[in-house]
Amino acid sequence: MKDPKFSPESLMMSYGYKPELSEGAIKPPVFQTSTFVFKTAEEGKAFFEIAYGIRGKEEEEELGLIYSRINNPNLEILENRLCLWDKADDCAVFESGMSAISTVLLEFLKPGDLLLFSSPVYGGTDHFINHFLPKIGVHAVGFTPNQTKEEIIQLIEDTGKADKLAMVYIETPANPTNALIDISECKEIADHFSTDEKQVYLTTDNTYMGPLWSHPLGLGADLVLYSATKYIGGHSDLIAGAVLGNAELMQRVKVLRTFLGNMASPNTCWLLTRSLETLKVRMDQQAKNAMVVADFLNNHELVNKVSYLGLIEEGTEEYELYKKQYSSPGAMISFYIKGGEKEAFVFLNNLELFKLAVSLGSTESLAQHPASMTHIGLEPAHKENIGITDQLVRLSIGVENADDLITDISNAFNSI
């Protein structure tokens, strides 16, 4: 896409919307309609040819409105604005993060293919990879953040299916440990196994950093995924997902979305468009609060270790990777409490301002216990190996007063 004149946070108020097409309304209305009227039969034919992937768009040609399962003004405005943050050619918005993830995996993987994925990942993603994909003949092998590029390549070779590698799927920072994966290095691994006949694609789940603090497409990723429920939505009042990438790959994603029917509704898109207007101010405040909370936790006697990007030691390889990939340490903090599940539960049960709930990235601060909640489905030995122990507590920092968050945490610790 062309570089816009203004910064994304300024364009979130108006980009992609023409008030004159909606009676001059300053904000887009909700286009609550199932279908759209064509001017001519020839126009309808042209629209369907593009929507079904029969042909690509000609220069300056746009996909016209057909049917809200395919496109809708609210959907298009939202997708256009999301493209600005990641400087992507195109975007597809879905009714959930998992529908975005599953659509991408189903589009680019076929029976017999091999998927390389980083571990840990979000629990729903892990379940889809390890329990659903095998049912359709797709093989998967996981790697951990501490493995080198050479070790990962050998891991792929050892499967005996290196020639079938079709995608590298990573989540960085990892949920829930904040472990970092080198995006550029993973692209090198994908290219290592690509051939003239087959490209191995790199897909990055960027949910933890939102579209503000990291831009994986600029670091080599072919596709970037978001649970738009999180920072993009930011108010815990909707479920949505998004995929962004170049025009060719996004055409494939959108065609499959058309036939799976898992696009976001006009109402969801309207809410997300509203949320984009405050995305930067919300995320800036959340990151500012997180720094204060992480510093407090790092010095607390009941905390063994804090996993937070802002506490990575300068001069280390991990620090260099952090500075290369991220513009902020973010607002997600995980820490290991002294004791075990009992102490973690006492802490969680005595929080007042923090809400005991899964999800992340919203205006309110949330706390949860990954080992017994979001990642309960993982094998115990695997959880232990990737750092998801009974001592681990995950915090998503909101926009509240930072001193109040510290008071709440301190009171919960005092209850142990």
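Every read-out reported here was derived from the displayed coordinates using simple, explicitly stated rules and does not represent laboratory data. The structure presented is a predicted model; accordingly, all values stated were derived computationally and were not measured. Cβ coordinates were reconstructed from backbone atoms using ideal geometry, including for glycine residues, and neighbour counts include every protein chain displayed.
Greater than 28 Å separation of Cα atoms is the criterion. Which listed pairs, Lys39/Lys254; Lys110/Lys280; Lys45/Lys198, meet it? Each step should come with its number before you reach the end.
Numbers: Lys39/Lys254 24 Å; Lys110/Lys280 38 Å; Lys45/Lys198 32 Å.
Flagged as over cut-off: Lys110/Lys280; Lys45/Lys198.
Stretched out straight at 0.36 nm per residue, the stretch from Leu356 to Lys338 would grow longer than its current Cα-Cα span by 4.5 nm.
I'd like the Kirkwood hydrodynamic radius of the chain, using the inverse of the mean 1/r over distinct C-alpha pairs, in Å. If you can, show how the numbers build up before the last one.
Values: mean 1/r = 0.0447 Å⁻¹.
Hydrodynamic radius (Kirkwood, Cα pairs) of the chain is 22.4 Å.
Between Glu49 and Asp89, what FRET efficiency follows from the Cβ-Cβ distance if R0 is 22 Å, with the result rounded to 0.05? Efficiency, from the Cβ-Cβ distance: 0.65.
Do any GluC sites (Glu not before Pro) in the stretch 1-44 lie in a loop, going by DSSP, with at most 14 other beta-carbon atoms within 10 Å of their beta carbon, and if so which? Before the final figure, lay out the partial values.
On the way: sites: Glu9, Glu20, Glu23, Glu42, Glu43; in loops: Glu23.
Within the stretch 1-44, the qualifying GluC sites (Glu not before Pro) (loop, at most 14 other Cβ atoms within 10 Å) are Glu23.
With only Cα atoms counted, the stretch 49-96 has Rg and Dmax values of 11.5, 32 Å. Using 15 Å as the cut-off for backbone N distance, which residues of the stretch 329-368 belong to the label zone defined by a point 7 Å from the Cα of Thr407 along Cα→Cβ? Only 351-354 fall inside the zone, counting backbone N under 15 Å.
Give me Lys305, Lys324 ranked fewest to most by other Cβ atoms within 10 Å of their Cβ, as a rough exposure proxy. Kindly include the intermediate steps, with their values, before the conclusion.
Values: Lys305 16, Lys324 12.
Ordered by Cβ neighbours within 10 Å, fewest first: Lys324, Lys305.
Considering all alpha-carbon pairs of the stretch 279-414, what whole percent are spaced by more than 24 angstrom?
The answer is 28 percent, as a whole percent.
What ranking of Tyr122, Tyr308, Tyr322 emerges when the number of other C-beta atoms within 10 Å of each C-beta is taken as an exposure proxy, fewest first?
Values: Tyr122 21, Tyr308 25, Tyr322 18.
Least to most surrounded, the residues fall as Tyr322, Tyr122, Tyr308.
Here each label is just a point 7 Å from Cα along the line to Cβ, and for Thr389 and Ile416 those points are 1.2 nm apart. Counting beta carbons within 10 Å around each of Lys45, Lys87 and listing the fewest first gives the order Lys45, Lys87. Dipole magnitude for the chain: computed about the Cα centre from +1 point charges on Lys and Arg Cβ and -1 point charges on Asp and Glu Cβ, it is near 920 debye. Note on the chain: with a GNM built from Cα contacts shorter than 10 Å, the maximum mean-square fluctuation among Asp222, Asp158, Asp89 falls on Asp158. Ranking Leu155, Met283, Asn385 by how far each Cα lies toward the positive end of the dipole of the chain (charges on Cβ) leaves Met283 at the top.
Between the residues Pro134, Cys186, Val168, the greatest Cα displacement towards the positive end of the dipole of the stretch 72-189, with unit charges on the Cβ of Lys, Arg, Asp and Glu, is found for Pro134.
Evaluate E = 1/(1 + (r/R0)^6) for Thr363 and Glu60, where r is the Cβ-Cβ distance and R0 equals 41 Å; express this FRET efficiency to the nearest 0.05. Using R0 = 41 Å, I get an efficiency of 0.50.
Between Thr40 and Ser14, what is the FRET efficiency for a Förster distance of 51 Å, r being their Cβ-Cβ separation, to the nearest 0.05? Computed FRET efficiency for Thr40 and Ser14: 0.95.
Considering only Leu353, Ala331, Asn414, the residue lying farthest towards the positive end of the dipole of the stretch 328-416 is Ala331, judged by Cα position with unit charges set on Cβ. Dipole check for the stretch 105-230: with +1 at the C-beta of Lys and Arg, -1 at the C-beta of Asp and Glu, and the Cα centre as origin, the magnitude is about 440 Debye. You can think of it this way: the chain between Asp284 and His235 has 16.1 nm of extra reach, that is 0.36 nm per residue less the Cα-Cα gap.
Summing -39500 (n - 2.57) over the DSSP H runs of n ≥ 4 in the chain and dividing by its residue number, what mean residue ellipticity at 222 nm do you reach, to the nearest 500 deg cm²/dmol?
Values: 15 runs with 152 residues, N = 416.
Here the helix-only value at 222 nm equals -11000 deg cm²/dmol.
Multiplying the sequence separation of Glu313 and Leu21 by 0.36 nm and subtracting their Cα-Cα distance, what value in nm do you get?
Values: separation 292, 0.36 × 292 = 105.12 nm, distance 5.33 nm.
Result for the pair: 99.8 nm of gain on full extension.
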